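Read through the structure below, which is laid out as structure tokens, and then see the notes.
The values are calculated or read from the model by the stated rules, or taken from the named source; none is laboratory data. The structure presented is a predicted model; accordingly, all values stated were derived computationally and were not measured. Neighbour counts run over all protein chains shown; Cβ positions are idealised from the backbone, glycine included.
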Amino acid sequence: MKCPKCGKETEGLRALSRVDNKTMICDECGTKEALDAAGLTEGSSIRSAILDCIGRDSTPQEEVKAYNDVPETNVGKITNADRIRSMSDEDLLDFLCSIETYEEGSAMTIGNSVAMCSVSDVEDWLQSESEG
């Protein structure tokens, strides 16, 4: 059978789509919809661990183990990247307008004077826990 959401061939359509509560979809699409509804957006380490279990006939015990294998520092942590991914268009516009860059790209300031001078500084900030 072909999943109407992702188009992949699958043995069966066992999940009910949360979008219309009518369409049957594959396990992976059903899990992704549930994770979206739970606020676990793309890039979340917990989401990745859960999705890694799909399609390999994992047992519930394996799925719990995958969740437990996520580093403790990432559990329940909303990062700056997570916050940006979940922004409305209006909030994203406000955020982008708050970024200041200085001559020759030597530094940029985001929000409340968080100065970053390199790509690794920006990456560290994106992965750090959000204050807002």
Checklist entry - If you scan the range 81-98, which residues turn out to be more than 20 Å from GLY43 (Cβ to Cβ) and either in a loop (DSSP other than H, G, I, E, B) or at pLDDT below 75 (or both)? => result SER98
Checklist entry - Which one is modelled with the lowest pLDDT among residues in the range 113-132 that are part of a strand (DSSP E or B) and either closer than 13 Å to THR79 by Cβ or of a type in the set (Val, Ile, Thr) (or both)? => result VAL114
Next on the checklist: So, in the range 6-39, exactly how many residues are exposed (fewer than 13 other Cβ atoms within 10 Å of the Cβ) and polar (S, T, N, Q)?
Outcome noted: 1
Next on the checklist: Being part of a helix (DSSP H, G or I), modelled with pLDDT under 65, surrounded by 16 or more Cβ atoms within 10 Å (Cβ to Cβ) and aliphatic (A, V, I, L, M) narrows it down to one residue among ALA49, ALA66; which is it?
Outcome noted: ALA66
